[in-house]
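Report on one structure; see the data block that follows.
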Amino acid sequence: MTRPKSNQRNPYKGSPPRPWLRLRLLGENGLIRELQLLADTGNPYPLINSSANMARFKQGFSPDIETNFGRMKGGWIRVAIPGLDFGGRVLGYASDAIVASAMRSHSGFEGLIGLPLLRKGEYGGNARWFWLRPPGRT
């Protein structure tokens, strides 16, 4: 008997309907915050969240960068993806302007998950669902 594959599968939501994933930020002091993040395969940054979340969960230094949305504050954040056996430190950036842009599509979106983090697994979707699963599972 094969074990069912673990994955995270979410219906599109927002206006226009957008793909999204749940991700947990893990603080050094045991603090956990679960976010709904817009999945953006055109985003070259692993994770973009609010400056408040970055201040609470940053666990390592990374230089800030300039973008067309303005300066993004960099840092390393420990994350876990519910439904998958994924956890670890990822490069994240803080941009309240990008979070506000994501929230215009759906008020529950608190940032973006970009291509570098999505490529840690296999992602895809159809007309109704977007999913992420560990690599190499069939």
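The values are calculated or read from the model by the stated rules, or taken from the named source; none is laboratory data. Predicted model, so just to flag it, every value in this text is computed and none were measured. Glycine also receives a Cβ, built like all others from the backbone with ideal geometry; neighbour counts cover every protein chain displayed. Calculation scope for accessible area: heavy atoms of the full protein, side chains included, ligands and nucleic acids excluded. Shrake-Rupley method; radii C 1.70, N 1.55, O 1.52, S 1.80 Å.
If the condition is being in a strand (DSSP E or B) and free of Cβ contacts under 8 Å to residues at least 12 places away in the same chain, then the stretch 119-130 contributes only G124.
Does A52 fit the bill of being among the small types (G, A, S) and either touching a Leu at 6+ places or on another chain (Cβ under 6 Å) or closer than 22 Å to R9 by Cα (or both)?
Working: among the small types (G, A, S): yes; either touching a Leu at 6+ places or on another chain (Cβ under 6 Å) or closer than 22 Å to R9 by Cα (or both): no.
The answer is no for A52.
Scanning the stretch 99-118 for residues that are touching a residue at least 12 places away in the same chain (Cβ under 8 Å), within 14 Å of S15 (Cβ to Cβ), open to solvent by 20 Å² or more (accessible area, probe 1.4 Å) and part of a helix (DSSP H, G or I) yields a total of 1.
Taking strands (runs of 3 or more DSSP E) as the structural unit, those lying wholly within the stretch 3-92 and holding at least 2 residues that are in contact with a strand residue (DSSP E or B) (Cβ under 6 Å, 6 or more places away or on another chain) and surrounded by fewer than 13 Cβ atoms within 10 Å (Cβ to Cβ) correspond to 32-40.
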